[in-house]
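Undergrad: What follows is a structure written as structure tokens; I'll ask about it next.
The values are calculated or read from the model by the stated rules, or taken from the named source; none is laboratory data. Computed from a predicted structure; not experimentally measured. So basically every Cβ, Gly included, is an ideal-geometry build from the backbone, and we count neighbours across all protein chains shown. Heavy atoms of the whole protein, side chains included, go into the accessibility calculation; ligands, DNA and RNA do not. Shrake-Rupley method; radii C 1.70, N 1.55, O 1.52, S 1.80 Å.
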Amino acid sequence: MKNLIHILVVTMACLLLPTTTFASTEDVAKTCNYTQEEGENPDLQTMNCLLTETALNYDVPPEIVKAIAEGESGDWRHFDENGDVIITEDNGIGIMQITDQEDYDEDRLKTDILYNIKTGVEILDDMYERTDLPTINDNHRDFLEHWYFAIMAYNGTKPINSPIVQETGERNTDAYQEKILNIVEDYSLVELEPLSFTPDEFDYDPDSDENIDFVTTDYQFDQPLTKTKHKFEEGQPVTATTSINIRTNPTTDSAQVGTLKAGDVATISGPFEYDDVASKKNHFVWYPVELNDGTTGYAASSYLTFKFSDVPAGHYAEKAIQYLAERDILSGIGNGKFGLNQELTRWQAVLLLNRANDVSTTNRPDLGFTDIDEDYLYYDNIAAAVEENYFSGYENNTFRPNITLTRAEMASTLQRIYQFPGKYQSLPFSDVPSGKWYTDAVTNLYHAGITVGVTESEFGPSQTITREQFAVFLARSINENFSLEVGETFLSEFEMRGNRLYDSDGDSFARYTGKNEHSNYDEAYFTEVDTVRDPKKREAFAEFVIEKGFPMEKDELVEQIKNKESINADKYKFYQIIPPQDRTPETTTYKAEWK
């Protein structure tokens, strides 16, 4: 098979059409350099092309279509070894196993491979648009996991395909959609996020052939899901999910010319291509890339993911930014850049929060603001955010979309939206006095692990917030996996004052007693935990104890710490790894390295 290059042509005529226009099967055949031969299956990479191009025409992730074709026919076959079309016992026809043939040409389904593929993709697309199936997150079509219920419906929403086995409450690994997604992982070489379901979300009689009744119709999953790897564009910065080899040609059979390490940035330099070796059944494609050192070659699409070119590897906000980008909550400032260190404006915050919370912008009231009207680019988003009480205007009836957001405003806005519990009173910040309009919000965000100060003792309420700072705060607000534990700064640093060990908030957790005559380590006792009033901090300290595995009876100690019970100083102790001879003056901050 000749080397095939994916070509996307957008004409002015297409831009003017009010409805979506799909390429014909003839166009797909031309792109894939394919001519139908009676009773013959095309080589595997030509079939890869036919499936991929048809899927993209319908805005369906090609990984899903290719996995269904593999699961239905095995080895992407339409004809058997005798040249006869494959027809199963349930009268499923061809590579996509079309069983509902009423609206299609049955003879053509048997003889025309591309028509069979097109029919299967249309059916899958119809399943995705069904209003009686559950949706996942914002139902964006590019995320593979979002097609979970459409894949199920392609085979049937019968009890046999329930995500959960009703009798045992366990995941139904024999469900059709589970098998198809396993194929996606095996052949497209991507790692999908497992979706968490419970038995009470699916109502059905396991002994009946009636369809499942979906109790939950809208799922919201916090984990970063997986975007199709077939939509990277020329000039787009990408990184690798793991260290990968860059090849001279689009196949693993070619020589290695370089390496793209996880976190390093490369640039897509053209449209994807199919494997040079026609007999390979990999479901992925190859992208031409250019590394930072100027090396050019090909990278397998499976391991590529979008990355902002101005966010360096290891940056404190990198994971939060990537998480929000993968959920289509933020998209950067263009040219592959995030806009690191740029201040965040009010209209930008509006867009991020609306996207994060799936806020509809339709049918919103007239705001009546004097500085923006309905012609303003982000008017609908601002109107929605104001009506949802995310934001409000100013006293002179203006919204001021272009002014920057302060840290106090950020705290107040996030508190209004996410309603963090308000059971804590103490704060380590001297610049957040009681009674201010933002005091309660800062207090709640601090104790919820959403924010820390600009220093140990200052929050900086009037300081403007940068795009990366807000990304971190937003990620922590919508996904607890990003949130800090109160006292997390103490878990990484301690300070000796006199003979006591303090965290960065000024709470003492231990009393230092000097060098142990039987070891090279300083010795200290958990005698000061009683003085720590914040229960969440005590719990965080207890988890730290578990993680580090101190030489102690951990379970009893942890329970005492959590409940603020009296600590037996003779029973529990820890050892500091830093030998006494290496210690600096006692006011020095010590890293938390323990034995």
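Undergrad: Conditions: (1) open to solvent by 20 Å² or more (accessible area, probe 1.4 Å); (2) outside any loop (DSSP other than H, G, I, E, B). Asp205 meets all but one. Number of the miss?
TA: Single failed check for Asp205: (2).
Undergrad: Go over the candidates Ala300, Ala408, Ala325 one by one and state the one that is in contact with a strand residue (DSSP E or B) (Cβ under 8 Å, 6 or more places away or on another chain) and at pLDDT 90 or above.
TA: Ala300
Undergrad: Which of the numbered conditions does Asn249 fail, given that it passes all the others? Conditions: (1) surrounded by fewer than 19 Cβ atoms within 10 Å (Cβ to Cβ); (2) assigned to a helix (DSSP H, G or I).
TA: Failing condition for Asn249: (2).
Undergrad: Do you know which of the residues in region 317-366 that are more than 22 Å from Arg416 (Cα to Cα) and among the hydrophobic types (A, V, I, L, M, F, W, C) is surrounded by the fewest Cβ atoms within 10 Å (Cβ to Cβ)?
TA: That would be Ile333.
Undergrad: Ok, one more. Going by the conditions given, is Leu192 among the hydrophobic types (A, V, I, L, M, F, W, C), assigned to a loop (DSSP other than H, G, I, E, B) and open to solvent by 10 Å² or more (accessible area, probe 1.4 Å)?
TA: Considered against the rule, which asks whether it is among the hydrophobic types (A, V, I, L, M, F, W, C), assigned to a loop (DSSP other than H, G, I, E, B) and open to solvent by 10 Å² or more (accessible area, probe 1.4 Å), Leu192 comes out as yes.
Undergrad: From the list Gln45, Gln36, exactly one residue is buried (at least 18 other Cβ atoms within 10 Å of the Cβ) and farther than 17 Å from Glu122 by Cα. Which is it?
TA: Gln45
Undergrad: Any residue in region 362-385 that is aromatic (Phe, Trp, Tyr) and either within 30 Å of the chain's Cα centre (by Cα) or not assigned by the TED database to the domain that holds Val454 (or both)?
TA: yes
Undergrad: Oh, and also: What do you reckon, is Tyr287 touching a Cys at 6+ places or on another chain (Cβ under 9 Å) and buried (at least 17 other Cβ atoms within 10 Å of the Cβ)?
TA: Considered against the rule, which asks whether it is touching a Cys at 6+ places or on another chain (Cβ under 9 Å) and buried (at least 17 other Cβ atoms within 10 Å of the Cβ), Tyr287 comes out as no.
Undergrad: Regarding Val277, is this residue among the aliphatic types (A, V, I, L, M), open to solvent by less than 10 Å² (accessible area, probe 1.4 Å) and assigned to a loop (DSSP other than H, G, I, E, B)?
TA: Judged against the criteria, Val277 is not a match.
Undergrad: Continuing with the same structure: Kindly indicate whether any position in region 432-447 is at pLDDT 55 or above, open to solvent by 60 Å² or more (accessible area, probe 1.4 Å) and in a strand (DSSP E or B).
TA: no
Undergrad: Same structure again: Mind checking which residues of region 252-262 are under 26 Å from Pro312 (Cβ atoms) and crowded, with 16+ Cβ neighbours inside 10 Å?
TA: Gly258, Leu260
Undergrad: Within region 1-64, which helices (runs of 4 or more DSSP H) (wholly inside it) include 2 or more residues that are under 21 Å from Asp84 (Cα atoms), out of contact with any Phe, Trp or Tyr (no Cβ under 6 Å at 6 or more places or on another chain) and at pLDDT 95 or above?
TA: Those helices (runs of 4 or more DSSP H) span 44-57.
Undergrad: Which one is farthest from the chain's Cα centre (by Cα), of the residues in region 170-183 that are surrounded by 14 or more Cβ atoms within 10 Å (Cβ to Cβ) and without any contact (Cβ under 8 Å) to a residue 12 or more places away in the chain?
TA: Asn172
Undergrad: Do the conditions hold for Asp186, that is, is it of a type in the set (Asp, Glu), open to solvent by 20 Å² or more (accessible area, probe 1.4 Å), farther than 30 Å from Asp275 by Cα and not in a loop (DSSP other than H, G, I, E, B)?
TA: Answer is no for this residue.
Undergrad: If the requirement is being in contact (Cβ under 8 Å) with a residue 24 or more places away in the chain and under 20 Å from Gly169 (Cα atoms), which of these qualifies: Thr239, Thr198, Thr248, Thr267?
TA: Unique residue meeting the criteria: Thr198.
Undergrad: When the residues of region 95-118 are narrowed to those that are in a loop (DSSP other than H, G, I, E, B) and charged (D, E, K, R), which ends up most open to solvent (accessible area, probe 1.4 Å)?
TA: Taking the candidates together, the pick is Glu102.
Undergrad: Among the residues of region 458-469, what is the count of those that are assigned to a loop (DSSP other than H, G, I, E, B) and either surrounded by 14 or more Cβ atoms within 10 Å (Cβ to Cβ) or touching a residue at least 60 places away in the same chain (Cβ under 8 Å) (or both)?
TA: 6
Undergrad: Find the residue count for region 48-64, including only residues that are open to solvent by less than 10 Å² (accessible area, probe 1.4 Å) and acidic (Asp, Glu).
TA: 1
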